[in-house]
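Remarks on the structure that follows.
Read the figures in this text as sums done on the coordinates, not as results from a lab. Since this is a predicted model, take the numbers as computed values, not measurements. We place every Cβ from the backbone using ideal geometry, glycine too, and count neighbours over all the protein chains shown.
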Amino acid sequence: MSKFKKKKGGDLPAISTASLPDIVFMLLFFFMVATTMRETTLMVENKLPAADQVEKLDKKDLVMYIYAGKPSQRFQSQYGTESKIQLNDKFADVSEIAAFISAERASKREELVPFLTTALKVDKDANMGIVSDIKQELRKVNALKINYTTRKGDAVSGSK
Amino acid sequence: MAKRSAPEVNAGSMADIAFLLLIFFLVTTTIETDSGLNRKLPPLEENEQQDVIIKEKNIFQLTVNKNNDLFLKTGGEEKLIELKDLRVAAVNFLDNGGGTGKDACKNCQGKRNPKSSDNFDKAIISLQNDRLAKYDMYISVQNEILAAYNQLRDREFKKAYPGLDMSFVEADKRYSDPRTSASEKDQLKEKLENIKVMIPQKFSEAEPKKSN
């Protein structure tokens, strides 16, 4: 019977962790490829609405971003809960959009200026007043190409 | 001197270094959403433009009020409409083809109701929203209107260029893809333009009204 006798005091063989770095590197490369560096810190809530007729925005360098929505939790004591516009890294007034657009235009090569697109990243709970104000302001400075940034999804069930 | 093998470098901390890098990238980057609905704003007209007379039957007038209800006024009657019915209603309106004589629409496949739109070129969709309406609702309405136009454009594109085996939306996506070769782009551009001229997006947005 000694054949089947359990070995006493036999150490469990250690699990080899030699492939751990490989796994982690794989994850690392995935994230490096699939994500982009954060350029602005969001100060507003930004849950995008869903739509299914979306087109992709190519040429990232020719896009100007305007964010709008309710200030995030940590800014609410200071700025309240009314929807606000965010340009670059700070809250802005509607009247500052014109200056923002001309600053963006000045930073691009002249021949590329007509191809600039303004991407509106607006929270889905924002009301239309603020969006129309932005649009009106963009029309004044002749920045007519806009893109309402949305998630991909079903628009009908997504709302209400 | 006796040949000695090089001492092995301890790779035990490699995982730690990789984890550190991984966490750094997780924190500082975001998965960007870079798709959306492309629209063009109308230019701001300085001088007063003269009023254009449009027949009532050619207007598909949508209104969103502050409670996010959608009203549709077309052919003289106004009614409340559900968002899910909007796409079908818009397609029926655009595709109606009620025109006669020089306004006749040879590609329309609708009911040819004389009380609805004449042809693709004459049909206008207008959207007015209240300042207190939700952005979410507005995007949904925009999406449904775009979907209606895309549906018709797909149909006409497939009919006009059956050899291509693509819909309008797919062709447009292929056209804007930077990997597509220049010669294919030229071919596609012409075809896309033809369809765009046949079914123009006449979608006007009135300035929002203030709610009292």
Exercise for review: Considering Cα pairs under 8 angstrom that are at least six residues apart, work out the relative contact order of chain A and quote it in whole percent.
Suggested key: 29
**Study point:** For residues of A:139-146, the mean tally of beta carbons on other chains within 10 Å
**Key:** 3
Check your understanding: Can you pull out the GluC sites (Glu not before Pro) in the stretch B:91-199 that DSSP calls coil and that have at most 15 other Cβ atoms within 10 Å?
Key -> none
Study note, to complete from the structure: FRET efficiency (A:R139, A:L12; Cβ distance; R0 51 Å; to 0.05) is 0.10
Exercise for review: Between A:T35, A:T81, A:T117, find the one with the highest GNM mean-square fluctuation for chain A; connect C-alpha pairs within less than 10 Å.
Suggested key: A:T35
Practice item. Determine the relative contact order of chain B: mean sequence separation of Cα pairs under 8 Å and six or more apart, normalised by residue count, in whole percent. Key: 19
Study note, to complete from the structure: Around A:K108 (Cβ within 14 Å, Cβ-to-Cβ, excluding A:K108; K/R +1, D/E -1) the net charge comes to +1
Review point. Label-point separation (nm) for A:E55 and B:D165, each offset 7 Å from Cα along Cα-to-Cβ?
Key: 2.6
Check your understanding: Taking Rh as the Kirkwood radius computed over C-alpha pairs, what is the Stokes-Einstein D of the stretch A:26-160 at 20 °C in a medium of viscosity 1.002 mPa s, expressed in µm² per second?
Key -> 132
Practice item. Would you look at the GNM of chain B, springs on alpha carbons closer than 10 Å, and say which of B:T180, B:T100, B:T63 moves the most? Key: B:T180
Review point. In degrees between 0 and 90, to the nearest 10, how far off the longest principal axis of chain A does helix A:97-107 point, with axes built from Cα atoms?
Key: 70
Practice item. Give a quick list of GluC sites (Glu not before Pro) in the stretch A:63-160 that DSSP marks as loop, anything other than H, G, I, E or B, with at most 16 other Cβ atoms within 10 Å. Key: A:E82
Check your understanding: Given a Förster distance of 51 angstrom, what is the FRET efficiency for B:L44 paired with A:M26, based on the Cβ-Cβ distance and rounded to 0.05?
Key -> 0.45
Point to revise | On Cα atoms only, tilt of B:135-160 relative to the major axis of chain B in degrees | key: 80
Practice item. Kindly express, to the nearest 10 degrees and within the range 0 to 90, the angle between helix A:20-34's C-alpha long axis and the longest C-alpha principal axis of chain A. Key: 10
Review point. Do the sum for chain A: with -39,500 (n - 2.57) for every DSSP H run of n ≥ 4, divided by all residues, what is the mean residue ellipticity at 222 nm, to the nearest 500 deg cm²/dmol?
Key: -8500 deg cm²/dmol
Point to revise | Gaussian network model of chain B, springs between alpha carbon atoms under 10 Å - residue of B:R155, B:R179, B:R87 with greatest fluctuation | key: B:R179
Review point. Which FRET efficiency value, to the nearest 0.05, is calculated for B:V88 and B:E32 with the Förster distance at 25 angstrom and r the Cβ-Cβ distance?
Key: 0.15
